[in-house]
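The values are calculated or read from the model by the stated rules, or taken from the named source; none is laboratory data. Computed from a prediction, not measured in an experiment: that's the story for all the values here. So basically every Cβ, Gly included, is an ideal-geometry build from the backbone, and we count neighbours across all protein chains shown. For the accessible areas, the whole protein counts, side chains as well, though only heavy atoms, and no ligand, DNA or RNA atoms are used. Shrake-Rupley method; radii C 1.70, N 1.55, O 1.52, S 1.80 Å.
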Amino acid sequence: MSHYPPPATPYQAGPPRPGGYPPAGDRITAPLLVASVLCTGLMAGLFFAYDISVMPGLAELDDSAYAAAMQRFNAAIDGSALFGLVFLATLGLTVAAAIVAFRRKRRAVALPLAAAALCYLLVLVVTVAVNLPLNADLAALGDPASARDVHAVIEDFKSVWVPVNIVRTLFCVLSLGALCAALLRYGKPESPALR
């Protein structure tokens, strides 16, 4: 009789985990999701900061000071490569995450991602269609101290730019909420009805 213990039985992997957990080889969806959440959060925070601090603070200034300050803010943002990268990458990351989730048949994750992408696309559309033309009009005013009709230009600017920025904030927050829902669903079993 041998004094040595019998050889250990080789480990055998069990059956695949039920319920649609993400496969071990899925190394792209989670980073895309996290990056989308972070970028969308940055954009929502920027718009929200304008809503609650920048625009109310500017409203306390006279028209010339308001115009000069807003011109400088716009010039700083327009000249920021980091802002441009985050502003555009947010949509690209979210769309990429949605495509990957659809291809992996993770509909419970893909559907809120698609909703998030749509909400952020609306942010881009509103920005290009409304905010940027208003910013250009303000820049065309030139030096507010010597410009004519400053009061009329500023009143027109405020009456549209401020409420539209609130709309951008709301769409960004909706996009962020949908992304958080997708992130929470990512690690959970998926209902067969959603496949």
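For the stretch 88-107, what are the residues that are in contact with an Asp or Glu (Cβ under 9 Å, 6 or more places away or on another chain) and open to solvent by less than 30 Å² (accessible area, probe 1.4 Å)?
Just the residues of the stretch 88-107 that are in contact with an Asp or Glu (Cβ under 9 Å, 6 or more places away or on another chain), to begin with: 100, 104-107.
The answer is 100, 106.
You will find that of 123, 153, 173, 128, the residue that is modelled with pLDDT of 95 or more and either open to solvent by less than 70 Å² (accessible area, probe 1.4 Å) or touching a strand residue (DSSP E or B) at 6+ places or on another chain (Cβ under 9 Å) (or both) is 123 and no other.
Among the residues of the stretch 62-77, are any hydroxyl-bearing (Ser, Thr, Tyr) and touching a helix residue (DSSP H, G or I) at 6+ places or on another chain (Cβ under 8 Å)? Spell out the reasoning first.
Going residue by residue through the stretch 62-77, those that are hydroxyl-bearing (Ser, Thr, Tyr) are 64, 66.
Retained after the next criterion (residues that are touching a helix residue (DSSP H, G or I) at 6+ places or on another chain (Cβ under 8 Å)): 64, 66.
For the stretch 62-77, residues hydroxyl-bearing (Ser, Thr, Tyr) and touching a helix residue (DSSP H, G or I) at 6+ places or on another chain (Cβ under 8 Å): present.
Checking each residue in the stretch 132-150 for being open to solvent by 20 Å² or more (accessible area, probe 1.4 Å), of a type outside the set (Asp, Glu) and in contact (Cβ under 8 Å) with a residue 12 or more places away in the chain picks out 134, 135, 139, 141, 145, 147.
Checking each residue in the stretch 45-87 for being part of a helix (DSSP H, G or I) and either in contact with a Ser or Thr (Cβ under 7 Å, 6 or more places away or on another chain) or open to solvent by 70 Å² or more (accessible area, probe 1.4 Å) (or both) picks out 47, 48, 51, 52, 72, 73, 78, 81, 82, 85.
Where in the stretch 101-195 are there helices (runs of 4 or more DSSP H), lying fully within it, with 2 or more residues that are under 17 Å from the mean Cα position of the chain (by Cα)? Can you show your working first?
Details: elements: 107-126, 132-140, 150-186.
Result: 107-126, 150-186.
Look at the stretch 41-59: where a residue is in contact (Cβ under 8 Å) with a residue 40 or more places away in the chain and a partner is of a type in the set (Ser, Thr, Tyr), sitting 6+ places away or on another chain with Cβ atoms under 7 Å, you get 43/90; 44/169; 47/169; 48/169; 51/169.
Total residues in the stretch 91-131 satisfying the condition of being free of Cβ contacts under 8 Å to residues at least 12 places away in the same chain, within 20 Å of residue 44 (Cα to Cα) and of a type in the set (Val, Ile, Thr): the figure is 2.
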